[in-house]
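For reference, the structure discussed in these notes is given below.
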Amino acid sequence: SADDSVVTLLDYGAGNVRSLRNAIHFLGCNIKDVQTPEDILNAKCLIFPGVGAFAPAMDVLNKKGLAEALCAYIQQDRPFLGICLGLQLLFESSEENGPVKGLGLIPGVVGRFDSSNGCRVPHIGWNAIKLTKDSEILDDIGSSHVYFVHSYRAIPSDDNKEWISSTCNYGDNFIASVRRGNVHAVQFHPEKSGEVGLSVLRRFLYPKSETTKTGASPRNATKLAKRVIACLDVRTNDKGDLIVTKGDQYDVREQTAENEVRNLGKPVDLAGQYYKDGADEVSFLNITGFRDFPLGDLPMLQVLRYASENCFVPLTVGGGIRDFTDGNGRHYSSLEVASEYFRSGADKISIGSDAVYAAEEYLKTKVKTGKSSLEQISRVYGNQAVVVSIDPRRVYLRDPNEVEFKSVKVTNPGPHGEEYAWYQCTVNGGREGRPIGAYELAKAVEELGAGEILLNCIDCDGQGKGFDIDLIKLISDAVSIPVIASSGAGAVEHFSEVFSKTNASAALAAGIFHRKEVPIQSVKEYLLKKGIEVRM
Ligand code: 1PR
């Protein structure tokens, strides 16, 4: 029994390890944190979730004398599970801001995915893996999808083949897991991979449990699934309670005499429900973050902490990520705000208004100062942890030359027969239009280090008439990072439309899920029927 079993966790303090902690507790184990090299050497069972970038992680390991202890522990073939960067660090070196020397236990160099072969980098989402040998902890995965989020990967070679237990295809075949004896490491996140992921952890924590074997089918092409994301727009209502709300074209107030903020439920309850319903991710947007300081807004951090106890898929949180000086003159950097979100259970943070200002500045000066919240957070936490949320509004044009911004020929002409439109970015929850288009913004933020784009559309928000295909096509063709299509989903067909007509990697919806009009499961079943890869 593992009731009394203690897992030693090597958490060097960067990024979200909370979800993994929650998963370990959920599976009935207690955690002892590594403080000293001796804690590693005395461990019965060690989990090493690597988060952040390769170089700072190696730095901490070396400075604290942990690298040596880790190598000794692994060479003694004692129970070990590395996750994500915890796999990469086992290799000789990484090209991430490098070359940087790794632990050197497995031959090979960790390199960046090549986006020139049509795959978006980072590799974000649910992909299927191919077992190449008996891996023990993965043996019941079959053809299920697991959650990946990374820009760097190790590739199979003759020198490391004895280690490889599974591979995954994303442009090229990369190493999804390694195993030698009691030493395991996985590139994906078991703590974010729903039931399948929990079963991987369970098999690691309870090695003798009997499970049935199902083989994995051989695959060549990528099986990266299109993601279905549930979004919770969160704010305090007039009574001061934190609620999930939902706007019509960003107006969240009821059209009644009281004009109260529309209340669609409690954030933690809804998030837990969506996890159970099969959401691939859950996003929280603190929609009044532009005026209320999120670190003052402790309930939001509390929401994340509670939500991450029961949601074993990635959580994103946005709203109010920027530098801030409070009433007492205390200055908070955007990095501090983001760090607090990560510590509370967020896997990714999403930046809206502040990214618009950063992009405007960058386009004006052509200089990357490294000082914007976007640049700082992606440098420390990696670009896969930074989403930029765009809130554009459609502006019709008779002639595309009327503006200096990229425009498109629209599928449905405007109210006066206009055949073109550009998409103007806004800040402060759609309240203020800015002199920059969604296209220009998307390209600029990609260069500044965004790992993903959440593409809303104010015109379509809450309308249930489908996504803005013109906009989503424009943006998903312009960048090589993943694009999340958002705003306007009203029926299952809208999801297959966006995936078949654009290069969106994920589709997000709010209203239809909150009002229980279309369950997440039906969306997935419909996509499956249409031949679109999804995680069931
Ligand atoms: O500017 O960094 O503080 O971030 C603020 C964040 O809050 C941004 O991501 C911005 O999109 C969001 N936000 C601000 N005001 C609102 C509002 O609605 N009044 N919500 C708002 C954005 C849009 C989507 C929505 C989809 C799907 N919500 O996230 O969930 O449109 O809706 P649907 O499926 O019902 O059509 P900062």
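The values are calculated or read from the model by the stated rules, or taken from the named source; none is laboratory data. Everything quoted here is computed from the prediction, not taken from an experiment. Here the Cβ is made from the backbone with ideal geometry for all residues, glycine too, and neighbour counts use every protein chain on show. Just so you know, the surface numbers come from the protein's heavy atoms only, side chains and all, with ligands and any DNA or RNA stripped out. Shrake-Rupley method; radii C 1.70, N 1.55, O 1.52, S 1.80 Å.
Some points to look at:
- Accessible surface of the range 346-476, 1.4 Å probe, proportion on carbon and sulfur as whole %: 46 percent
- Within the chain, Cys29, Cys45, Cys71, Cys84, Cys119, Cys168, Cys231, Cys311, Cys425 have no other Cys Cβ under 4.7 Å of their Cβ and so lack a disulfide-compatible partner by this rule.
- With distances taken between every two different alpha-carbon atoms, the range 6-205 has a Kirkwood hydrodynamic radius of 16.6 Å.
- Sequence-distant lysines (8 or more away, or on other chains) whose Cα lies within less than 18 Å of Lys133: Lys161, Lys213
- Whether the range 285-389 is rounded, prolate or oblate, judged on the alpha carbon gyration tensor where a/c under 1.5 counts as rounded: oblate
- Nonpolar atom fraction for the range 140-283, defined as the carbon and sulfur part of the 1.4 Å probe accessible area, stands at 46 percent.
- Computed over the chain, the per-residue total of -39500 (n - 2.57) for DSSP H runs of n ≥ 4 gives a 222 nm mean residue ellipticity of -8000 deg cm²/dmol, rounded to 500.
- Rounded to 5, the percent of DSSP beta bridges in the range 227-529 classed as antiparallel: 40 percent
- Prolate/oblate/rounded call for the range 227-529, Cα gyration tensor, a/c under 1.5 rounded: rounded
- Share, in percent, of DSSP beta bridges within the range 6-205 that are antiparallel, nearest 5: 55 percent
- Projected-area mean, the range 413-463, by convex hull of Cα positions, square nanometres: 4.7 nm²
- Residue ranges 196-203, 520-527 sort as 196-203, 520-527 when ordered by packing (mean number of other C-beta atoms within 10 Å per residue, highest first).
- Counting only DSSP beta bridges with both residues in the chain, the antiparallel share comes to about 50 percent.
- Probing with 1.4 Å while keeping every protein chain in the model, the per residue accessible area of the range 227-529 equals 39 Å².
- Applying the criteria of a DSSP loop state and at most 12 other Cβ atoms within 10 Å to the chymotrypsin sites (Phe, Trp or Tyr not before Pro) of the range 380-443 yields no site.
- Among the listed pairs Lys226/Lys501; Lys368/Lys443; Lys348/Lys529, those with a Cα-Cα distance over 21 Å are Lys348/Lys529.
- Hits among aspartates and glutamates - C-alpha to C-alpha of Lys44 under 15 Å, sequence gap 8 or more where chains match: Asp3, Asp4, Asp33, Asp77
- Relative contact order computed over the range 227-529 (Cα-Cα under 8 Å; 6+ residues apart), in percent: 16 percent
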